[in-house]
Structure formats: C-alpha cells, structure tokens
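One structure below.
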C-alpha cells in the first residue's frame, strides 16, 4: 500500500485491525484514519448486491428460527393471506364486509358495463370481469381494502391499442381473442415481475408521469364519450385527439337531441353526487349509489319512451349465465400475436401501477404493509385466471377501493360479497339491462375519468419541481397528440433523462467554515461561513461517473481559476490546497478514478495540492484497488474537511 | 412558515436575513439553523441550470472586461487557434514541425491506403483523406499534437455499415456517393454537437464501453485481414465473426502459399518493430517508419517476382493528381439516405470520441487545455470540407498523434507538412504503388488493430469495477456476434442501466459516533464508532427519486425493524428517534418528498420521531415549497447529526 499505508486500514470480518504504523511526523491534533470497508470476496459482494436488488425487504425474515410446522404455516399464509385473518374472522367483521361488498357491487355493475364499452368489448365482459377476479384476489391478495375489477385507464388503453389494428364491429371473435390473449400476457407479465422480484420496474412510471398520462387519457376518453352523449353512430376508433374531434364535429347531422338532453341531465346528476361525496367524505354512498340509480332511472325512462324516441342506442340483449370458459380463445400464433403481447404488457404495467399504488395508499391509512411483489403475483394470477374465464384486464380500482374503505370493509371478504352480487346479476337480472341506454354508460365513464384529471397535483408539481412538471406535460401531450403507448414511452424517457441530467451535470459547491465549529457548509447558503485562507474547499454532489467525469474536471478547474482571480483581485494569500469533500460522491467508476488521478497531476504541475475528504466506503475501495491512493501521499486523504484543514495548515506553520 | 420557522431562514440576494425568532425553549448547546438557499426567481434558476448544462466552462470569461478590439482578436483566436501561436512562430519550431510532419507522413501514406481498403473504398481515397483534412484542422484545431487522418475504427464501421446494403464491387459509384454523404453527415453531426454545446453526448460512450467495442471490432477486422494475408478472392462483406470465419475456412482452396509466406514475414516484421517501440518509447521512429519500409520492400519484391508468382493481388493503377471535388456526389434523397445518415452519425460519434480523447491525452501531457466543443466544430468542419473533396471520415488518430508527439511536433504546422508530403505523393509517386501487394496492407491493418485490443485495461476494469467490466464485455460480444451499431447500442444501454441501478438501489448505512468527536461514520466501516442509545442514525447515499422512493421507504423500515429486534435481544434502551443524514441526498423529486412525508407519518404512529440532518440546498428548498417541513415541527431538522443528537437527548433529559 506504499507510502499511504498509515492512513488506510482494513477492518476485516474477524474484527482484527491490520495496523501498519509508518507515521513519519506526528500531526499536532488527533487525525482520524480513513478506513477501507471490511474486506469481502467478489462473490460475497455480488451476493450482497443481488440481495439488495431483489430482496431489499428480506422477505424470509419471518421464517428465521421457526419450527418446520410454523414455517409451513407461514408459507401458506404468505401464499394465501386469507389464512392470516381467517381464524379470527367473526360475525361483526362479516357484517361490515357484507355492507361494503354490496355497496361496491352497486357501483361495480354499472362501472363494469361502462368500462367494457371503453375497451370496445361487449358490456357483458365487464360483468364477467367483476365476478372471477374479485374471487381470486380475495384468496391471494394481501390488501384488505382493494376493490377489484376493470379500471378506466387499462380499459381505454386496451381498447385504443387493439382498435388501431382490429375492429370489433368487423371481426368480433378476433377482437375478443386478442383481448383475452392480451389479458393473459398482462397477467403473465405481472406475475413474472412479482416472482422474479422485478417489481421496481413499475417505479419507473413516476407519479409525475402518471398524473400527465392519466389526464391526457381522460381528456381523450371524455371527448370520445361525446359519441354516446350526442348519439353519434359513426365514430373513429383512433385514440388521438385530432381524429376524435373530427369525428365529433363532422357528424353533426347525427347528433340526437333526445339523447343529448337526457345524457347531459344524468351527467349533471352524477357530477353533483360526485361533488357532494368529495366535499363530505361521510356521504361517500351518494356517489357510490348514483351510477346504479341513474342506470335504473334511465333504463326505465327509455323503456317508457321506447315507442316515441327511436334512435336512442341501448345495450340490447345480454346473455344470462356465469362466465363461459375462454381458454380456447387464447391466441398464441399468427400475425396479431405481437400486438396482443404489446397490449398485454402496456395494460399490465399500467394496471399494476394503479393496483399497487391504491393498495399502498389504503394500507398506509390503516398502518399495515402491502408486499409489492406478493401483490404483483396476486394481480397477475387473477388476470391469468380471468383470461381463461372471459374476463379482460382487472386490477385494484381507486374508486371501488375508496368506496370499499369508506363503507367499512375489514377484509377481502367484501370482494367475495361483491362477486356474489355480480353472480346474482349475471344469473337473473340480465334482461333488465336491455333498455339501458348507451348515453348513461357514457355519462358514467365521463364522471369517472373527469376525476382523473388531477390539476391540483400538476400545480403542485410545478410549484415543487419544474422538471417533474415537464415530465408530466410531456406525457400529457404525448398521449393527447401522438398515441397512448408512445406518450407513455416519452414520459418514461423524460423521467430517465431527468435522472441522467442530474448525473451528467451535478452540483459543485464552495464550502466555508462556520466560525467556532468543525462544520463546513456552502458559502452561498450560509452567510456566516468563512473561506479558509489558502484553501479552496469544494463539495461534489454526485457520484463521479463516465457521464460526468469530463464535466466535473472542467468545472473544478474553473472553480480554481475563479478562486485565483478572486484572490488576485482581493490581494489575499495565494491558493495552495484544494480539498474535495467527497461525502456525497456515493459511487465512482473507472472514468471517475481516472479523472481524480488526472486532476491531481494537473494541479501538481501548478503546485496545488489535491486532498480528498471523507470518501465513502465503495469509493475508498476503488481508489485503493486502482492504486491511485499511493500517489496522494501522506497528506492526501482525511476523514473530515476540518481535520484536513487543521493538519495541513499546521504543517504549513511548521515549514513556512 | 408555521411552527418550524425558527429553523428556516431565507438568505436572499440582498444579503439580508429574515429572522423570525419564535424559539420556545432555548437548547443548551449552540444549534445551527438550517438555511434555505438564496431566493431566486424561476427564470433565474432556469437560466443558471441551462448555463450549467451548456456553458459549464464559461467560454466567454476571456472576453470579460476587454476592449472591443481585444474582443475581436480573441474571437478570431477562438475560431482560428492558429492566430494564438502564429505571431510567435519561429524557425526552431518550424524545424521540429518539419521533422515530425515528415515522420507522420511516412506512417500516414501506407495507413491511408490500408484504412481506405478497410472501409471498402479505393486506396486513393485514403490518400485524399490524408491531404485536405489535415490542412483544415491546422487552421481550426486547438490541439497542437493531433495527427489527423483516417482511423481504423471509423473506417471499419463505415465499411461494415455500408457494405451490408450496398456492395462496392457491384455499384462503385453509389458506394462512393454513400461514403461521401455519410462523411458529410458525420461532419454535420459533429459540428452541430460543438455549436449546440451538446458535447456531453459523447461522454455516454464510457471508456469501459469503448475498450470492449474497440477490442471486438479489432478481432473482427483482424480476422477479415486473413482475406489479404491468405490471398482469398471471395470473401463475405458482413462484419460478424461467424460469417467471417466461414469465409476464411470455406475457401481453403483459394489460400495462396506465396501470399501467406510473404504476408506473415512482413507481419512478423511489423509486429517486432511495434514491440520495440512500445518497450523503448525513444525508438518510436522504428514502428513509425516500418509500414513505409515494408510497403517499399514488398512492392519491390512483387515487382521482381511479377513473372513467377501470378495470383498475388496488387493495388494496381491509381490515378495521379489532387483530390477531385465530390460535392456533386452527395446524395440527399432516395432510398439509401437513411443508411447514409445512420452511418454518418455512428462513425461521426465514434471518430469524435477518439479525436477528443486523443487531443485531451496529449494536451494533459503538455499541460494545456483542449476545448471540447471547439474541437468538435473543428473536426466537424474538417469532415464537411472532406466530403466535398473526395475524403471519407477523418479524425485525430491515436497512432499518428503519438508519432507526431514523439517526433517533437510543436504546433499544427506538422499537419501542413504532412499534407504537403501527401500532395507530392499524389502528384508524382502514384505509379510506384502499382505493384504494392494487398497482403502488405492487410499486415499494416493487422498490426494497427492488434494494438487496439487493450486486455490490460479490461483487466483493470475487472479489478476495480465489475459493472464497468460487464459493460465492456457486453460491447465486446455485441460487436463480435451481433453487429457494430447494435453492439454499440447495447454497450451504451448497459452504461446507462448501471447509472439507473445505482439510483434504483442506493446504499443506506447505519452511522455511529466516533467517541470524543462530532463525527458520525458507518458502523460497518469504523469499528470504534458507537451506536447512540435510543437513536438510529441512517445515511441515505443517493438522491431520492421516483425510481427509488419505494425501495428507500421499505429499506428504512427494515433497518428500524432490525434495530428494534437487536435492541430487544440485547435489552437496550428502546428506540425513540430516527435521524436521516441527508448529506448525500443531493436531489429530491416530488415522489421523494411524498416518501419522506409518508415515512414521518408511519413512524409517528409507532411513536418514533423522524429527524432530518443536513439537507442540501435544493432538497431544503423543495421540502419548504411542499410545506412538509411544517409537519416536522420544532425538532425535526438539524444542520448536523451531532447537533440533532445533542439537542434531542438534552430534551429527553429535561422531560424524562
């Protein structure tokens, strides 16, 4: 380890210290040595790294020090969380669950029908999707408040992506096949993310991105609903604002005043109830019951007017009975397979993001934790099962979960109650929907998606973080003017670019001493901080990587140049030593090491000393391995800026 | 600013402090306030940010406080660096430049012919490219040692990319058109990067990536040279190891023993001279003169044997005269335009990376600085001019620059001397190359590219940074088995992924106090560091972003769980306070803010206090803007961990 060995020590796993004392001159104050992290093998390092990537939550900690019977029981409880609370289930809990289950059923039935229409699927598929998935989730899911079923975003994305290539009206069988296949792949993708513990993939959809994306999609969907509300028969299948607007205004002769009148009345009613529930959360049932009420009322109205107003589009005949099996409809080869997989992955990731976020939100409210990877498996398996029983993509829906939570749901039994209510509907009540008009479905969708335009969140983004706001805007306009998947891709790109930008152009600060302390802080931020004569203390606020090493070298040289100009102008004592505070340099790659080494050489040629203060463990290790530590010599590395300043200035005093 | 206002102060640009003293209980030791950075408008912040992105080197600083005449002169010197040293140029400098210019000419002429063959271009284009570009560079370039001309990597990439679609043998005119057009776009791209100050784009080709990429390309090129060395007539145009190997061994009946014998003899000679020069840098002229010597010798040999050994492939007739204009051959529409643009961008970025790196290396040796953006403009303009005068992509070549430097070049005049020597060759010596055999070109290329396989650098990457080594391997195998542009894309992807991985899974450390100091360091690294009873001090070593906020929340909760288990097992005093050392949290987005706020709420429910220590300026600003600082209350924010511990424990003592 050469001349520098007195400052570098290994603190190995056996808790022994290798001390090589070759100190030549004892510094006058106590100077702490900068340590290397405990030595480990490459294999162990890799193991720790991989554990941190894939098992940051240490999922097996519950199994430690348990008998094998307990391990089995815990394993069962992990796979089927229902076993965690089933033994303590009682009548009081059941009562709450029944009430909340029936409440969400009243919301889920009209929602299911409407969202299926959003995906260009037959309305009955929406009901099917509110039956099987909640049952599966109640067995596997770890959230106690998640209300499961079709959701608007995933529905509209599936509808738009499939309709660009295949039209439901022209080839309904193919369209259904593709929808179920996409659902299958969505489930497979979701379950794989959970099983492979790659859940962090969904973290790359930042909240800012989602706010913009959701708002953009909501705007398009709202405009699309004008089809139902205005009674237009011919409409574009494109999910793009220009074609939608053209469709709305080109077919003005198709507008139907009866539909418009009733549609807007019910829309006003739904929006009012929504407004009431938002103002007074206790009145949540007002908005929860409104959709079913409007469906019943509008169906009655249309039924009574059936001989007078003809052109009003209604749902028509719906088949009775539970979900027919659809495993035989999955489509695993042929020219549309790529489309189905793409749609599956996009809807899968979107619905997963929503489901996990909703689960986490309500878990935080009741102070329990939701295991992200477990939830992904549950949602994934639920969608795989759904794809074999005529369901399309489902997940935890925000609106249902909120109603579920507010109605007092205690466990996932409320999902079983919901499924039972849907079952009764499927078996006996289907004929009642014959006269349900399309405009009421449009009104329900409109009410739901208008709530998705979260302008307050966007305003907060603008206030707090302009770049987040930019990501939000990009995804909003990307969805609006280009297409849903491309808008999403642009938004993710902007988010990643934001990270890279921070890495490419990191902050560097000049530090000064707070008088009477060992604290060094930014001169710009702390007016009382003082420059230390003959020293330039710089803090680098980022890892030093290939992407910023050139920049940092130039920037540091510029700081030195500016400092020398300032010193010249003020006639202060000449600059002799540059201290780099490395506290925030949390990583370094080989380019970073080369940069530091080159910088040292350049400064040496100008008779300036370069000193590193407080390198973190991994950086210290790399500096050591690359042998450049040796070139820094006896006084090139300190634990704190304070110690560096004290030691070096005492040396200068000793050798004037 | 609510209850927290006593800790938050604005230090505004007018150097006044708004102090709102609402301190309720005076802490017993001096506690420093955490400051907000000086207030600036959004516009100013954006301006600073953009300045830091595009003008980190403050390029106009030389122009400050100068008369308009000086400004003009400085501007002229900036555009044409030749004006910087021309006034002081003298005979002594000229002598050095003439010697080095003639030395590189002896290397550049055989190299130019060989590299042109590498790009599947007629050999004469290689000579043209050693004439015009050095002249342009000597006017515009800021490096004094750069030897300009065709380089192996850019040549082979251009050759492989164009040959995949167009064959030179089938349609030589189209191939030439595409090559000149690609050169034009390469130059345009390079100059634009320089003018738009987007030079940091090339930083994303990390050294690790380039080591792997170059080695992979060198392996393929070496194998391809077997064509010339073995005398094979029919050979694949694909740049992919499998097809190259098939070509070599399938055409065994085409192998020619005369070619092989002479080829391998000259190869051995060239490799030996290279080895000598590498061992003794003073003997650099041995390897510099070897290519020309071998060309002369082998040409003579083939001339003498011309009646005995027939099948030996020779260069044949080369036209006399200087570069013909080729602006009329640029190809701006038609089906191959996309190919030309793509090839231009890829070769442009690769040659730029090499040119800039070589320029920086030699500038560092002589302690002067090379302006990256200026260099990009110079290289770009040189290529644009080249594309109009029958040249293909050129840049600063490592081998020529090394010879130039070692031969004592002082200024870019050596490039003018080089160009003059090439001019003489073009005008008078072309017939001498008639009998120059192809195998000698293959041997020259082989000697050059074998030096590009830098296994020592790869070994160092492995030693110091395993992930860098992975990036290196990926680009190596990507180039070898897939294709040059895809291999490059994969390598850049791996490098970016590495950055993202660090951001997605950042380090968190438990800190302890070094006894007798205010220093808090990692317990794992510093054996003497002690835990502070009832406190858990965590350092987060990364910005808190959407991509890691979920992970960090889970990881922090796990640290707390583990600490509580440890406390229980050891019967220590219960945990009461979590301190997050935010020194290395150099940025935060809205997701990060939500995470901190949520974490605080979760810990509050478990009667644990969350305290932040030393948030950096931008984080402090965002915490303040999002109003979550208020919820942290009077004792939620400290300047250092030490002050937090002191203040909070003194409070506990006062209220037991």
Some residue of the range A:424-437 being closer than 20 Å to residue A:223 by Cβ, at pLDDT below 85 and away from every other protein chain (no Cβ under 14 Å):
no
Which condition does residue B:132 not pass, out of (1) touching a strand residue (DSSP E or B) at 6+ places or on another chain (Cβ under 8 Å); (2) at pLDDT 90 or above, if it passes all the others?
(1)
Conditions first: (1) touching a residue at least 24 places away in the same chain (Cβ under 8 Å); (2) touching a helix residue (DSSP H, G or I) at 6+ places or on another chain (Cβ under 7 Å); (3) within 21 Å of residue A:140 (Cβ to Cβ). Residue A:102 passes all but one, so which condition is the exception?
(3)
Residue hits (the range B:463-474; within 13 Å of chain A (Cβ to nearest Cβ) and either closer than 26 Å to residue B:223 by Cα or not in a helix (DSSP H, G or I) (or both)) are B:465, B:469, B:470, B:471, B:472
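Identify, from the list A:501, A:486, A:480, the residue that is farther than 30 Å from residue A:613 by Cβ, more than 7 Å from chain B (Cβ to nearest Cβ) and without any contact (Cβ under 8 Å) to a residue 40 or more places away in the chain.
A:486
When the residues of the range B:597-619 are filtered to those that are part of a helix (DSSP H, G or I) and within 36 Å of the chain's Cα centre (by Cα), which remaining residue is farthest from the other protein chains (Cβ to nearest Cβ)? First the steps, then the outcome.
First, the residues of the range B:597-619 that are part of a helix (DSSP H, G or I): B:597-605, B:617-619.
Among the residues that remain, those that are also within 36 Å of the chain's Cα centre (by Cα) are: B:617-619.
Numbers: B:617: 5, B:618: 7, B:619: 10 Å.
Among those that are part of a helix (DSSP H, G or I) and within 36 Å of the chain's Cα centre (by Cα), it is B:619.
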Just wondering, is there one or more residues in the range A:585-595 that are in contact with a strand residue (DSSP E or B) (Cβ under 6 Å, 6 or more places away or on another chain) and surrounded by fewer than 19 Cβ atoms within 10 Å (Cβ to Cβ)?
no
Residues satisfying the stated conditions in the range A:375-395, i.e. surrounded by fewer than 24 Cβ atoms within 10 Å (Cβ to Cβ) and more than 18 Å from the chain's Cα centre (by Cα):
A:381, A:384, A:385, A:388, A:389
Kindly indicate whether residue A:259 is part of a helix (DSSP H, G or I), at pLDDT 80 or above and either within 34 Å of the chain's Cα centre (by Cα) or within 14 Å of chain B (Cβ to nearest Cβ) (or both).
no
Which numbered condition trips up residue A:525, out of (1) more than 30 Å from residue A:204 (Cα to Cα); (2) surrounded by fewer than 22 Cβ atoms within 10 Å (Cβ to Cβ); (3) out of contact with any helix residue (DSSP H, G or I) (no Cβ under 6 Å at 6 or more places or on another chain)?
(3)
Could you tell me whether any residue of the range B:227-244 is within 14 Å of chain A (Cβ to nearest Cβ) and more than 20 Å from residue B:155 (Cβ to Cβ)?
no
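Which one of these is outside any helix (DSSP H, G or I) and out of contact with any strand residue (DSSP E or B) (no Cβ under 8 Å at 6 or more places or on another chain): A:516, A:493, A:512?
One residue alone meets the criteria, A:516.
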Would you mind telling me which numbered condition in (1) under 30 Å from residue B:468 (Cα atoms); (2) part of a loop (DSSP other than H, G, I, E, B) residue A:572 fails?
(1)
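Each row is one residue, and each column tells you yes or no for (1) under 18 Å from residue B:388 (Cβ atoms); (2) in contact (Cβ under 8 Å) with a residue 40 or more places away in the chain; (3) crowded, with 24+ Cβ neighbours inside 10 Å.
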position	(1), (2), (3)
B:115	no, yes, yes
B:121	yes, yes, yes
B:124	yes, yes, no
B:131	yes, yes, yes
B:145	no, yes, yes
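Taking the criterion of being part of a helix (DSSP H, G or I) and more than 11 Å from every other protein chain (Cβ to nearest Cβ), would at least one residue in the range A:581-594 satisfy it? Before you say what the answer is, go through the steps one by one.
Within the range A:581-594, the subset part of a helix (DSSP H, G or I) is A:590-594.
Retained after the next criterion (residues that are more than 11 Å from every other protein chain (Cβ to nearest Cβ)): none.
No, there is no match, as no residue in the range A:581-594 is part of a helix (DSSP H, G or I) and more than 11 Å from every other protein chain (Cβ to nearest Cβ).
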What number goes with the only condition from (1) touching a helix residue (DSSP H, G or I) at 6+ places or on another chain (Cβ under 6 Å); (2) under 26 Å from residue A:501 (Cβ atoms); (3) facing chain A (nearest Cβ under 7 Å) that residue B:508 does not pass?
(3)
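Which members of the range B:37-63 meet the condition of being over 15 Å from residue A:501 (Cα atoms), assigned to a loop (DSSP other than H, G, I, E, B) and at the interface with chain A (Cβ under 10 Å from one of its Cβ atoms)?
B:37, B:38, B:57, B:58
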Say whether the condition of being assigned to a loop (DSSP other than H, G, I, E, B), modelled with pLDDT under 90 and farther than 28 Å from residue A:302 by Cβ is met by at least one residue in the range A:387-407.
yes
Members of the range A:572-582 found to be out of contact with any helix residue (DSSP H, G or I) (no Cβ under 6 Å at 6 or more places or on another chain), more than 14 Å from residue A:603 (Cβ to Cβ) and at pLDDT 90 or above, listed by number
A:582
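Could you check, for the range A:620-639, whether at least one of its residues is under 20 Å from residue A:507 (Cα atoms), buried (at least 20 other Cβ atoms within 10 Å of the Cβ) and under 38 Å from the mean Cα position of the chain (by Cα)?
Initial filter on the range A:620-639 (under 20 Å from residue A:507 (Cα atoms)): none.
No: the range A:620-639 contains no residue that is under 20 Å from residue A:507 (Cα atoms), buried (at least 20 other Cβ atoms within 10 Å of the Cβ) and under 38 Å from the mean Cα position of the chain (by Cα).
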Quick one: which residue in B:208, B:191 is crowded, with 23+ Cβ neighbours inside 10 Å, in contact (Cβ under 8 Å) with a residue 40 or more places away in the chain, outside any loop (DSSP other than H, G, I, E, B) and in the same structural domain as residue B:120 (by TED's automatic domain parsing)?
B:208
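Going through the range A:315-341 one residue at a time, which ones are outside any loop (DSSP other than H, G, I, E, B) and touching a helix residue (DSSP H, G or I) at 6+ places or on another chain (Cβ under 6 Å)? So that I can check it myself, show each step before the final result.
To start, the set of residues in the range A:315-341 that are outside any loop (DSSP other than H, G, I, E, B) comprises A:327-329, A:337-341.
Once the filter is applied, which keeps residues that are outside any loop (DSSP other than H, G, I, E, B) and touching a helix residue (DSSP H, G or I) at 6+ places or on another chain (Cβ under 6 Å), the range A:315-341 yields A:329, A:340, A:341.
Within the range A:531-561, take every residue that is out of contact with any strand residue (DSSP E or B) (no Cβ under 8 Å at 6 or more places or on another chain) and more than 9 Å from chain B (Cβ to nearest Cβ) and give me the one that is nearest to residue A:620 (Cα to Cα).
Filtering first and then ranking leaves A:553.
The values are calculated or read from the model by the stated rules, or taken from the named source; none is laboratory data. Computed from a prediction, not measured in an experiment: that's the story for all the values here. Glycine gets a Cβ as well: all are built from the backbone with ideal geometry, and neighbour counts include every protein chain shown.
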